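Report on the following structure.
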Amino acid sequence: MSGLRIFCVANQKGGVGKTTTTVNLAAGLALIGQRVLVVDLDPQGNATMGSGVDKRALENTVYDVLLESATIAEARQRSPKGGYDVLGANRELAGAEIELVKLERREKRLRQAVLAAGADYDFVLIDCPPSLSLLTLNGLCAAHGVIVPMQCEYFALEGLSDLVNTIKQVHANLNQDLAIIGLLRVMFDPRITLQQQVSEQLKAHFGDKVFETVIPRNVRLAEAPSYGQPGVVFDPASKGAVAFVEFAHEMVKRLG
């Protein structure tokens with residue numbers, strides 16, 4: 001596998017495990033020898049904290065990179081346990097929305113910054129906020145593809161059609177590289193009949209765009225962020241951690 005791969009982890013529905021997916025895929029990829037950067041585009045800074053980086057102590061964040069007052073090389077931090085780099089975010093980022101509106105190349109700023117740091121990485125994973133904002137747009141314009149974590153629930157399919165339309169629009173107008181790389185079934189509980197049904201529907205509709213790996217509902221994955229660690233590192237033997245390492249392997253194989 002050669003060349004830099006830049007992926008957004010996005011879903012316009014909140015609470016579907018985007019951040020959990022981002023940090024655990026990053027840790028899983030790092031574990032199998034890939035050089036990874038996580039870009040936290042959410043002002044809540046959950047991917048930053050979940051990687052063990054204190055968002056309140058950051059001198060430079062993704063906000064400074066978007067406003068071009070710092071480079072990624074200057075702003076990145078190492079995840080102490082994750083084995084990957086983090087371009088962190090905090091509340092300051094909420095203000096970037098307003099400041100970016102009046103700037104030129106406003107939706108391409110992240111792309112330029114990431115490409116400038118590209119030689120240092122094999123993968124860049126961008127954790128997008130749930131809303132479709134200028135921040136999400138920067139993520140989508142920078143990316144080669146979108147990884148969509150989704151729960152197998154009734155309303156999940158509805159949210160998915162919105163996201164697919166957004167991706168089509170960005171592809172048509174701003175970034176012709178952009179495509180859906182795959183759908184990742186997360187928080188999956190095989191005992192629930194509805195989840196099985198939605199899972200089958202997804203496969204029928206999206207075919208090989210649905211990743212083979214399924215991430216089970218797992219308490220250890222949910223506990224890990226409060227310890228500032230990805231679940232993959234926090235409890236490597238847990239079902240969720242094992243699934244994310246499998247997913248990292250599947251990603252590398254799929255792109256190879």
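No value in this document is a laboratory result; all are computed from the given coordinates. Everything quoted here is computed from the prediction, not taken from an experiment. Using ideal geometry, Cβ is built from the backbone for each residue, glycine included, and neighbour counts are taken over all protein chains shown.
Tabulated results
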read-out: Region 180-204, subset touching a residue at least 60 places away in the same chain (Cβ under 8 Å) and in contact with a helix residue (DSSP H, G or I) (Cβ under 7 Å, 6 or more places away or on another chain), residue farthest from Asp162 (Cα to Cα); value: Val186
read-out: Matching strands (runs of 3 or more DSSP E) fully within region 120-205 where at least 1 residues are surrounded by fewer than 19 Cβ atoms within 10 Å (Cβ to Cβ) and of a type outside the set (Asp, Glu); value: 145-150, 179-188
read-out: Subset tally (residues that are in a helix (DSSP H, G or I), touching a helix residue (DSSP H, G or I) at 6+ places or on another chain (Cβ under 7 Å) and hydrophobic (A, V, I, L, M, F, W, C)) for region 206-250; value: 10
read-out: Residues within region 60-118 that are at positive phi, surrounded by 17 or more Cβ atoms within 10 Å (Cβ to Cβ) and without any contact (Cβ under 8 Å) to a residue 24 or more places away in the chain, tallied; value: 0
